[in-house]
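Shown next, in structure tokens, is the structure this report addresses.
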Amino acid sequence: MNHPLHPDVHRRLEKAVLDVFSHADFHQASIRAVAKQAGVSFTTIYKHYGSKERLVFAFVDIWMGKLTDRIVDHLQGIEDLKEKLRKVFWLQLDYYERHIGLGRIVFMTLPMSTWMADQTFAQPRMMGLMIDVLKEGQREGVLNPHVRAGILLDFLMGFVQRSFFMWILRGRTESLSAQANVMFEMVWRGMANPDRDGNG
């Protein structure tokens, strides 16, 4: 295994990866562009990461890990299932609003088939946490028990993704996270158990 990069080099690389890959088409973005912007040699980057894909996925993994840490922290002490999911929904919209470059990379510039073939796509910590919450809701009879928990997760995450890139397309004229409660109520109605009276 290579020696870890010096923290300052890693920091400069992180900034350059974010900038290059959030503003260019993935196929046009290059290690050379990152190297030039970061002031790090092409050889150093290639030696540590081996490819453009591995480079960007390594940093996406770090950034998504930070979002997972936020979710874990914020869920402490919330007992009510609906409020847990509301918080998760808000945290994602808020995180991508604060980290627009990451949102652009994850939702708009990364070719999905390329990322899906990489182990970082699975995000087992975040997805495992969310699946556990959804399964708990199904066991309690609060969430729709007639579909797999994974489908509920796809529904929730699909809404976040679509909301983000339409927010970008429409010129970011209003806060994304400020709409979270209204949007979450729509999502909740779609996920709630249809057999339960008053599923609010």
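The values are calculated or read from the model by the stated rules, or taken from the named source; none is laboratory data. Please read these numbers as outputs of a predicted model, since none were measured by experiment. A quick note on method: Cβ atoms are made from the backbone with ideal geometry, for glycine too, and the neighbour counts reach across all protein chains shown. Just the protein is used for accessible areas: all its heavy atoms, side chains included, with ligands, DNA and RNA removed. Shrake-Rupley method; radii C 1.70, N 1.55, O 1.52, S 1.80 Å.
If you go through region 153-200 one residue at a time, how many are under 16 Å from PHE107 (Cβ atoms), open to solvent by 70 Å² or more (accessible area, probe 1.4 Å) and not in a helix (DSSP H, G or I)?
Total meeting the criteria: 2.
Taking the conditions exactly as written (modelled with pLDDT of 95 or more and open to solvent by less than 60 Å² (accessible area, probe 1.4 Å)), does VAL133 satisfy them or not?
no
Do the conditions hold for VAL9, that is, is it without any contact (Cβ under 8 Å) to a residue 60 or more places away in the chain, surrounded by 15 or more Cβ atoms within 10 Å (Cβ to Cβ) and in a helix (DSSP H, G or I)? Don't jump to the end; show me each part of the working.
Details: without any contact (Cβ under 8 Å) to a residue 60 or more places away in the chain: yes; surrounded by 15 or more Cβ atoms within 10 Å (Cβ to Cβ): yes; in a helix (DSSP H, G or I): yes.
When the stated conditions are applied, VAL9 passes them.
Give the residue that is least open to solvent (accessible area, probe 1.4 Å), with candidates limited to residues of region 85-119 that are farther than 17 Å from PHE59 by Cβ and acidic (Asp, Glu).
Quick first cut of region 85-119, residues farther than 17 Å from PHE59 by Cβ only: 85-94, 97, 112-113, 116-117.
Remaining after also requiring acidic (Asp, Glu): 94, 97.
Values: ASP94: 9, GLU97: 44 Å².
Out of the qualifying residues, it is ASP94.
Among the listed residues ARG86, ARG12, which satisfies the condition of being modelled with pLDDT of 95 or more, in contact with a helix residue (DSSP H, G or I) (Cβ under 9 Å, 6 or more places away or on another chain), basic (Lys, Arg) and farther than 30 Å from GLU140 by Cβ?
The match here is ARG12.
Considering only region 107-122, I want to know if a residue exists there that is without any contact (Cβ under 8 Å) to a residue 24 or more places away in the chain and outside any helix (DSSP H, G or I).
yes
Looking for whichever is at pLDDT below 95 and open to solvent by 30 Å² or more (accessible area, probe 1.4 Å) here; the options are ASP69, ASP25. Which one fits?
ASP25
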